1. Only one of these is touching a residue at least 40 places away in the same chain (Cβ under 8 Å) and touching an Asp or Glu at 6+ places or on another chain (Cβ under 8 Å): Leu58, Leu63. Name it.
2. Could you grab me the full set of residues in segment 18-50 that are surrounded by fewer than 15 Cβ atoms within 10 Å (Cβ to Cβ) and farther than 13 Å from Val61 by Cα?
3. Might you let me know whether segment 56-71 holds any residue that is at negative phi, open to solvent by 50 Å² or more (accessible area, probe 1.4 Å) and at pLDDT below 80?
4. Does any residue of segment 2-12 turn out to be modelled with pLDDT of 85 or more and surrounded by 11 or more Cβ atoms within 10 Å (Cβ to Cβ)?
5. Checking Gly53 against (1) part of a loop (DSSP other than H, G, I, E, B); (2) touching a helix residue (DSSP H, G or I) at 6+ places or on another chain (Cβ under 8 Å); (3) modelled with pLDDT of 90 or more, which single condition isn't satisfied?
6. Search segment 28-48 for residues that are in contact (Cβ under 8 Å) with a residue 12 or more places away in the chain and outside any helix (DSSP H, G or I) and pair each with any residue that is small (Gly, Ala, Ser) and open to solvent by 40 Å² or more (accessible area, probe 1.4 Å) when their beta-carbon atoms are under 9 Å apart and the residues are at least 6 apart or on different chains.
Amino acid sequence: MEFQEVGTCQDPGDVDDNGYYNVLDIVQLANCVLTISCDTLDNSCAADVNGDGNFNVLDIVTLDNCVLTASCGGRIDDASHSRLIIRDDMVSIE
């Protein structure tokens, strides 16, 4: 019996599979999300940047943050506290 190794996505966000992520990856990701064609990319697993099994605007936003902060390793700013604000029949979290 012969086994074929199935590729794993080592670098989420590196959509063009060149070893790093940058604005070109964002453009390619936005194009494939808009045309609903991310699953046809050679490195399609990298297009699911947030790992939720879908290709959508959340992946684009996540990749934008990765490029802007030069890190895809986690949250940009972890919250240490928050405040729930109710004003004029609206609720917001700060």
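1. Leu63
2. Asn18, Gly19, Tyr20, Leu24, Asn31, Leu34, Thr35, Ile36, Ser37, Asp39, Thr40, Asp42
3. Yes - at least one qualifying residue is present in segment 56-71.
4. So far as segment 2-12 goes, yes, one or more of its residues are modelled with pLDDT of 85 or more and surrounded by 11 or more Cβ atoms within 10 Å (Cβ to Cβ).
5. Gly53 satisfies every listed condition except (2).
6. Qualifying pairs under 9 Å: Asn43/Gly7.
The values are calculated or read from the model by the stated rules, or taken from the named source; none is laboratory data. Being a predicted model, the structure only gives us computed values, none of them experimental. All Cβ positions, even for glycine, are placed from backbone atoms using ideal geometry, and neighbour counts span all protein chains on display. Areas reflect the complete protein model, heavy atoms only, side chains present, ligands, DNA and RNA absent. Shrake-Rupley method; radii C 1.70, N 1.55, O 1.52, S 1.80 Å.
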